[in-house]
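The values are calculated or read from the model by the stated rules, or taken from the named source; none is laboratory data. The model shown is predicted, which means the values in this text are computed figures rather than measured ones. Cβ atoms come from the backbone with ideal geometry, glycine included; neighbour counts cover every protein chain shown.
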Amino acid sequence: MAQKYSFLNGEIVPHEKAFVHIEDRGYQFSDGVYEVILIVNKKLIDLEGHFDRLLRSLKKLSINHDIKKAFLVENIHQLIEKNAIINGSVYLQITRGVYKRSQIYPSDLSPSVVMKMSPVEINRTLGEGLSIMSHEDIRWQYCDIKSISLLASSLLKKKAYDQGFEDVVYIKNSFITEASFANIFIVDEDNTLITTPADESILEGITRNRIIELAAANGIKIEYRKFSLEEVLSAKEVFLTSSTLLVRPVTSVDDKLIGKGEIGQLTEKLASLYYDFIGV
Ligand code: PLP
């Protein structure tokens, strides 16, 4: 059973006892960062990429820490064993720490570090194509930081679900940025893979980067550029990537079919290359 044990500030504790103080700045100011790492056959997928991005996020928020990768990894493996996880994901969150509620805080707070596990069903099937909607990107300006401040995305994803869609893709200054919790790729008529450049308007996904690497290694043309909703609607294929979605085809946006509304060949090929890479 997943979530029997979690990690709380250096210790593995029963999940139901994993409490953080009400004065934690994550709770009061969403002052923290997180990572979600996929686990396949008890192996951490793209650990280096996730750990490097964690350090970048911490640095951008000036959260002082002495997190050691080896220590985290050792504890993740303990959680994998204690929760009997084979395929799943680990959620890792680091907040600035506990302090009286104040906008001004000491620079040397001791960060709160928590981790919890979830099982994920992983197989080589792509599943149904997603039906998603578009919406103005109402998030803050530093989307390259994997911040725990996820209210805008959560509100919009709920809005999408309430309207019968499965996800939401954001539009900022007339261009698509990304989906609520995933990166977006489109494929044009020439079978070129197009994705948004990694700037402050998106989170540079670890899965995105891996897909780009696999595409390049397999002779697929790639373009990094911004694209509009119209381009998405007239694309040959559209798909999303994330550590828990893996590669997920999108077959309609705002109730308009992408192509014939079928899963595209390049999406299937890239998904297959990714399954090979993660060993499923
Ligand atoms: N973009 C956003 C906003 C996300 O929240 C996520 C993952 O949660 C991603 C992209 C995909 O990132 P990754 O592939 O590293 O999971």
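The residues on offer are Ile184, Ile132, Ile171, Ile148, and the sole one that is more than 12 Å from the ligand (Cβ to nearest atom) and within 26 Å of Lys60 (Cα to Cα) is Ile171. Here Ser242 meets each of (1) surrounded by fewer than 19 Cβ atoms within 10 Å (Cβ to Cβ); (2) within 20 Å of Arg124 (Cα to Cα); (3) touching a residue at least 60 places away in the same chain (Cβ under 8 Å) with one exception, condition (1).
Might you check whether a residue that is loosely packed, with under 15 Cβ neighbours inside 10 Å and at pLDDT 95 or above occurs anywhere in segment 118-128? Yes - at least one qualifying residue is present in segment 118-128. Tally time: how many residues in segment 52-79 are surrounded by 13 or more Cβ atoms within 10 Å (Cβ to Cβ) and more than 20 Å from the chain's Cα centre (by Cα)? Adding up the residues that qualify gives 8.
For segment 83-100, does any single residue satisfy the condition of being loosely packed, with under 14 Cβ neighbours inside 10 Å, of a type outside the set (Ser, Thr, Tyr) and free of Cβ contacts under 8 Å to residues at least 24 places away in the same chain? So far as segment 83-100 goes, no, none of its residues is loosely packed, with under 14 Cβ neighbours inside 10 Å, of a type outside the set (Ser, Thr, Tyr) and free of Cβ contacts under 8 Å to residues at least 24 places away in the same chain.
Name the single residue, out of those in segment 151-163 being within 24 Å of Val90 (Cβ to Cβ) and surrounded by 14 or more Cβ atoms within 10 Å (Cβ to Cβ), that is nearest to the ligand (Cβ to nearest atom). Outline the logic, then answer.
Looking only at segment 151-163, we keep the residues that are within 24 Å of Val90 (Cβ to Cβ), and these are 151, 153-154, 157.
With surrounded by 14 or more Cβ atoms within 10 Å (Cβ to Cβ) added as a condition, the list becomes 153, 157.
Values: Ser153: 6, Lys157: 10 Å.
Across segment 151-163, the extreme among qualifying residues is Ser153.
When you scan segment 105-113, do you find a residue that is in a strand (DSSP E or B), farther than 30 Å from Tyr275 by Cα and either touching a residue at least 60 places away in the same chain (Cβ under 8 Å) or polar (S, T, N, Q) (or both), even just one?
Yes: one or more hits.
Of all residue pairs spaced 6 or more apart or on separate chains, those with beta-carbon atoms under 6 Å, a first member in segment 203-215 that is at negative phi and a second member that is near the ligand (Cβ under 8 Å from one of its atoms) and part of a helix (DSSP H, G or I) are Ile206/Gly49; Ile206/His50. Within segment 118-155, if we keep just the residues that are among the hydrophobic types (A, V, I, L, M, F, W, C) and in contact with a Pro (Cβ under 8 Å, 6 or more places away or on another chain), the residue that is farthest from Asp199 (Cα to Cα) turns out to be Leu126. Of all residues in segment 200-247, those being within 13 Å of the ligand (Cβ to nearest atom) and among the small types (Gly, Ala, Ser) number 4. Selection of strands (runs of 3 or more DSSP E) fully inside segment 1-103 by the criterion of at least 1 residues being more than 16 Å from the ligand (Cβ to nearest atom) and not small (Gly, Ala, Ser) returns 5-8, 11-14, 88-95. Residue count for segment 246-265 under the criterion of being surrounded by fewer than 18 Cβ atoms within 10 Å (Cβ to Cβ) and in contact (Cβ under 8 Å) with a residue 40 or more places away in the chain: the result is 4.
Could you list all residues from segment 99-120 that are of a type outside the set (S, T, N, Q) and over 25 Å from Arg53 (Cβ atoms)?
Tyr99, Lys100, Arg101, Ile104, Pro106
Looking at Val90 and the list (1) within 19 Å of the chain's Cα centre (by Cα); (2) farther than 21 Å from Ala18 by Cβ; (3) not hydroxyl-bearing (Ser, Thr, Tyr), which single condition is not satisfied? With (1) within 19 Å of the chain's Cα centre (by Cα); (2) farther than 21 Å from Ala18 by Cβ; (3) not hydroxyl-bearing (Ser, Thr, Tyr) applied to Val90, the lone miss is (2).
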